[in-house]
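Peer 1: Here it is, the structure in full.
The values are calculated or read from the model by the stated rules, or taken from the named source; none is laboratory data. The model shown is predicted, which means the values in this text are computed figures rather than measured ones. Neighbour counts run over all protein chains shown; Cβ positions are idealised from the backbone, glycine included. With ligands, DNA and RNA removed, areas are computed over all heavy atoms of the protein, side chains included. Shrake-Rupley method; radii C 1.70, N 1.55, O 1.52, S 1.80 Å.
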Amino acid sequence: MLGFYSGNVLTVLSLCPPPFINSLFLLHLSLSSPTLSFSLSVFLCVCVCVSSPSPECRDLIGSGRDRKPNALVQVAVIDPREQYLVSHACTEIVEGSRDPLFLTGVTFPPEYPASPETLVKLTVYDVRDKARDNVSKPLSVSFLGSATFSVSDLLRSKDDQLTLNLRSSDGVLAVGTVLVSRVNMGEMEEGDVDHITADVQQAQKVRTCVCVCVCLYENRSPPDVSASTNAFFKNPVCKVYKFQTVDSKWMLVREQMEECTLSFSIPRQLLHLYIQEDMRRIQELRDLGELSPHWDNLRKEVIGRYGQVIAAYQETLAELNKITGPSFKPSCSKAQRYLEFIPINLHTQRMRVTCPRQTDAFYDVITVGAPAAHFQGFKGGGLQRLLSRHEAEKKSTAYQCIYYSPEHTAKAQEVLHSVGHLQPLISGLADQLLQAAQQHSMAGLREALKTLAGKTEQFVHALKDELVKSALLALHANPGHSPGEDGQTPLKRQDSIPCHKEYDEEEWDRVWADVAKSLNCVIAMVDKLQEQEPISNNQEQPIPKQVLADVITSHNPEGDWREQLCPLVVRLKECVAEVVVRARRAMTFVLLQEAACSIPQGLFLKQRRDVVFSQALAALACGFVMRLYAGMEDKGFLRQLHLVGLVAQFESLLSTYSEEIGMLEDMEVGISDLHRVAFKITQAKTDDPCDLQPVVIGRREHYTVEVPLPRLAFQMLPHEIKEGKALQVYPVLFNVGINEQQTIADRFGDISLQERINQRNFEILDSYYKSLSLPCFQTRTDLKDLLGTLGQNVVTKKRKNVEILWLAGTICRRLNGIRFTSCKSAKDRTSMSVTLEQCALLRDEHQLNKDYFIRALDCMRSRLTQGEVVCQWDSDPEAACSVAENKPASRHFYPIALLLVSSHLLVVWLILSLVFLLAKYQ
């Protein structure tokens, strides 16, 4: 949805300042009715003025005369047919104040079944006895007053306003006044703010609260762009706040968090690709043909291992296809085997800020648990450590196979991909050449020949590598001595690379050289055919002739062009096919050796790497789609996208202590592997959500994510993107541990992993900035200064240097990048970081009043509970209804934050906690 909000929404927000006791509610309704005619997108402002029975009393009276109330406003919805009151949401608790000011909003999701007959009840409570041992226990509250109205009453009211009385529990005594105002959506102008101030001043005179708020949430993107985001983002949770700026004006802030369907769709596609790739590898191994007994035994063992991996992946994929329901994996499921490819708690978070006479601002961040193999555990460390250790073990213990370095293995995979891609191209171009010859089209003949020569030259160049020749020699060599009857007799390492006896060392050179000779024969024949053409038809500049000794022995000048070219073209195809067969066998043999040296640990590491990469790619695809749709109308962003690419900055809050070291090592490799990913924008066949889902293609060495766009949105893109240009993404990872475990690591552990990660990724970020040739970036001195400061911080020895994260996040936003925030499960530390960043953005970019900073932080960190109360409409609201606690979550973090100041305090805290637990359970 990404901020293009639609549906039925009820938001609750307090606006009126002290000394009046009031709670401002904003209701955003999108309804339809055959009998009523009203705007589809409006805001309803409800201002509640609560007072004591005495008309002269100005302060809110709590349950006790000597105590100040802990005010809470609950919003409930009444279905007129069922006559049941359903508690939907509530504001934060304003503690110990007779003049409470509520800032938090409450929303209804788009699918909420609201209608013009729906009744909305606003109830004010005084929360008693907030101190509890069990946080899941409902709060004890006392009823102060309530008011009810229907949506149709408000829609039919004059001047879009309703004046209601706030009644006591018996419904007789009026304890206050409620003014409900319906306000059309639009940009907040200066006059609107003055109107709010005038209404508040008038309320001070007549003892009635009148508040009007004009806000803008309309869709500014093309209709198909807005609707298409529903294919990726589901189940929005929206919160709205009203905060004061330094000039005493008001800004409206909306947070919207959504699930992303790519959490499951991307891993499913990757699993399917993994299975296909490993099945092709098995077939390639079988196509090696007859091998010596030793190599054949190794092949059987490798095929068996690949079969086990395929079976496990197929089982996981089958289980994933059965899953329905939420579009994310909760943290409690991170150790489940069938869900190990799914990222943890992948959500999108968008903050939209509306200020008077300013364009709305958007701030996006993706929150996700650290991409890591949680199911496999971290006893031996993470991928970075395991891969380094495994590579060293392969060098020292490879005695049954030939050791090839990772560079040689990557080269073998590249050669296999090249020959598989180029052979059908060369065959097709050769057929086009014959077709042009049959039509006696010299222009078509020379154009087809030019393309054919280029692809054939590329094909020959890809195979001119010593690795191919050495692999062919090893393939045809006799490996020292044959194993025993059981086929398991180990060989010495030096025996595994014997001198060849039957294979001619120069045979490979002759084979691929025949391809060049065959091509030269074709070129020479085309030149001769051109000479036979009349001068008038020979306008093109001829290709320089390459005279060969064995070029064309004889031909019929007056015969058909196709008949003269056909034997030469067939010979070219045969030479190419022979080279492909030999090269495939050689490179498959290299991969066989790599797999045999890695058994069984190497395949386990490959599975672990597949798991981590799947989680990382799902998060990256989610962020790319979100950023793409947000920047569809930004020409500068689209130009940057196809010229340079985007930076994707991952902010990690993992500690370098205990098992989180393994998570960080997994995450480092997973984020680094994202360099192998490119994106491509395509035009969707239809606007159906199924046709808008991103599609992953490729192999482990390189993946391409195709993102389909609706037709109208696709037409808005630059020509280069519409032509299918690959769009690059530059992932960078910065980590700073912030919890109490990091305190221990800083004092007694090793933080070199964190330092190395930050320094290496700063170099990537700095290189990306230098590659930006766009004037809008190179002329900005602030970016250069920020990068310089970040470079100094990553080499500075400082504990918990969160300045690194602040600087990296700021640079990423100014570079139009994609922001990710992660910790172990994307819950506590992630939410604390995101909310602090949002409040800092409000302060730095939108002049948030410093007196509201802490309150804004507490509101964003509050645990807003929904829908736990179900009461009979006719029952006593004070006796039958209870409100779940909604304390700010940040309060649970403040003690730990103080302990982080010193490790001595941490030790004292641990000792006292242990004493308390022993005393409690004795």
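Peer 1: Computed over the Cα atoms of the range 273-337, what is the convex hull's projected area averaged over all directions, in nm²?
Peer 2: Working: hull surface 22.4 nm².
Over every viewing direction, the Cα hull of the range 273-337 projects on average to 5.6 nm².
Peer 1: Among the lysines, which fall within straight-line cross-link reach of Lys528, defined as a Cα-Cα distance under 17 Å, with same-chain neighbours fewer than 8 residues apart omitted?
Peer 2: Result set, ordered by chain and number: Lys450, Lys517, Lys545.
Peer 1: Return the FRET efficiency for the residue pair Arg780, Glu414: r is the Cβ-Cβ distance, R0 is 45 Å, and the value is rounded to the nearest 0.05. Intermediate values should be presented prior to the final figure.
Peer 2: Working: r = 39 Å, r/R0 = 0.86.
E between Arg780 and Glu414, to the nearest 0.05, is 0.70.
Peer 1: So, in nm, how far is label Ser333 from label Lys685 when the simple model puts each one 7 Å beyond its Cα toward the Cβ?
Peer 2: Modelled inter-label distance: 2.9 nm.
Peer 1: Once each part is reduced to its C-alpha centroid, what is the distance from the range 425-463 to the range 349-418 in angstrom?
Peer 2: 41
Peer 1: Something else now. Which entries of Lys322/Lys824; Lys464/Lys573; Lys635/Lys680 show an alpha-carbon separation above 21 angstrom in the structure shown? Before the final figure, lay out the partial values.
Peer 2: Working: Lys322/Lys824 27 Å; Lys464/Lys573 18 Å; Lys635/Lys680 17 Å.
From the list (Lys322/Lys824; Lys464/Lys573; Lys635/Lys680), the Cα-Cα distance tops 21 Å for Lys322/Lys824.
Peer 1: Related question: Please compute the modelled spin-label separation between Gln530 and His272, points set 7 Å along Cα→Cβ, answer in nm with one decimal.
Peer 2: Spacing of the two 7 Å Cα→Cβ label points: 4.7 nm.
Peer 1: Using alpha carbons only, how many angstrom separate the centre of the range 254-332 from the centre of the range 786-824?
Peer 2: Here the answer is 35 Å between Cα centres.
Peer 1: Continuing with the same structure: Ignoring ligands, DNA and RNA, please state the percent of accessible area on the range 287-351 from carbon and sulfur, probe 1.4 Å.
Peer 2: Working: 1410 of 2790 Å².
The value for the range 287-351 is 51 percent carbon and sulfur by accessible area.
Peer 1: Follow-up question, since we're still on this one. Quote to one decimal, in nm, the extra length available between Asp750 and Ser771 on full extension: 0.36 nm per residue of separation minus the C-alpha distance between them.
Peer 2: Details: separation 21, 0.36 × 21 = 7.56 nm, distance 3.43 nm.
Contour length minus Cα-Cα distance gives 4.1 nm.
Peer 1: Here's something else I'd like to know. What FRET efficiency comes out for His675 versus Asp170 if R0 is 56 angstrom and r is the Cβ-Cβ distance? Round to the nearest 0.05.
Peer 2: Numbers: r = 69 Å, r/R0 = 1.24.
Using R0 = 56 Å, I get an efficiency of 0.20.
Peer 1: If you don't mind, there's one more thing I want to ask. Once you place label points 7 Å from the Cα toward the Cβ at Arg357 and Arg286, how far apart are they in nm?
Peer 2: 7.6
Peer 1: Given all pairs of different Cα atoms, what value in angstroms does the Kirkwood hydrodynamic radius of the range 669-747 take? Write down the numbers at each step before the final one.
Peer 2: Numbers: mean 1/r = 0.0655 Å⁻¹.
This gives a value of 15.3 Å.
Peer 1: Which lysines have a Cα lying under 18 Å from the Cα of Lys242, excluding residues fewer than 8 positions away in the same chain?
Peer 2: Here the lysines satisfying the reach criterion relative to Lys242 are Lys850.
Peer 1: Filter the cross-link list Lys300/Lys334; Lys379/Lys827; Lys300/Lys606; Lys334/Lys800; Lys455/Lys770; Lys234/Lys334 down to pairs whose alpha-carbon distance in this structure exceeds 30 Å. Each step should come with its number before you reach the end.
Peer 2: Working: Lys300/Lys334 35 Å; Lys379/Lys827 23 Å; Lys300/Lys606 19 Å; Lys334/Lys800 27 Å; Lys455/Lys770 33 Å; Lys234/Lys334 21 Å.
Long pairs (Cα-Cα over 30 Å): Lys300/Lys334; Lys455/Lys770.
Peer 1: Could you compute the FRET efficiency for Gln308 and Gln458, with r as their C-beta to C-beta distance and R0 at 41 Å, rounded to 0.05? If you can, show how the numbers build up before the last one.
Peer 2: On the way: r = 38 Å, r/R0 = 0.92.
Efficiency, rounded to the nearest 0.05: 0.65.
Peer 1: With contacts defined as alpha carbon pairs under 8 Å and 6 or more residues apart, what's the relative contact order of the range 239-329 in percent? Don't skip to the end; give the middle numbers.
Peer 2: Details: 55 pairs, mean separation 33.2, N = 91.
Relative contact order of the range 239-329: 36 percent.
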